[in-house]
Amino acid sequence: MSTNGASRTAALNLYRSILRAHANHLPPNMRGLGDTYVKNEFRLHKATTNTEQLAQFYTEWQKYLDHLQSTARARETVKSGVLDDGSNNASNVGGGMDSPGVVVTSTEAAVGGNKGTQGQTVFAFGTDMPKEVQLSEEQLVQLRKLREEAQKAK
């Protein structure tokens, strides 16, 4: 990572935020695997000086953090009863007497969950990779190792 003090501080803040989000939102088996992966990735990119590569690296990790936090918020929102459980009943989100809020027809529409087998909205961590993404041989090897570790955790 860059020797620039501001960039280093931003990278460290992002790294800490991701680990904190893991601690607060992931189940223990996912947390261990996620923490190890994040630590390895940041360690591997520590000496990188290519600003374009670093910008992409930080952008993707910020997207991951945003996704993790939004999924956790959605789970908590449904758990607390603020939003419905995914049925087709309308819900009033964030409204009060002066502010009617936003009416949504399902939790899925409000926060991007997926329908489960019982019709309830399921908020899973992670997303599928787009089909057009081309991975290098090194990335494929790393992905296989990650899959094996995830299988062991089950």
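Every read-out reported here was derived from the displayed coordinates using simple, explicitly stated rules and does not represent laboratory data. Treat the numbers as computed from the prediction; the structure is a model and nothing was measured. When we count neighbours, we look across all protein chains shown, and the Cβ atoms used for this are built from the backbone with ideal geometry, even at glycine.
Label reach from residue 135 (point 7 Å along Cα→C-beta): in the stretch 1-43, amide nitrogens under 19 Å belong to 30, 33-42.
Within the set 63/145; 79/131; 39/79; 63/152, which residue pairs have Cα atoms separated by over 25 Å? Violating the 25 Å Cα-Cα cut-off are 79/131; 39/79; 63/152.
Once the mean of 1/r is taken over each pair of separate Cα atoms and inverted, the stretch 1-80 shows a Kirkwood hydrodynamic radius of 13.5 Å. Computed from label points 7 Å out along Cα-Cβ, the spacing between residue 50 and residue 80 is 4.3 nm. Only Lys, Arg, Asp and Glu carry charge here, each on its Cβ (+1 for the first two, -1 for the last two); on that basis the stretch 1-80 has a dipole of about 260 debye about its Cα centre.
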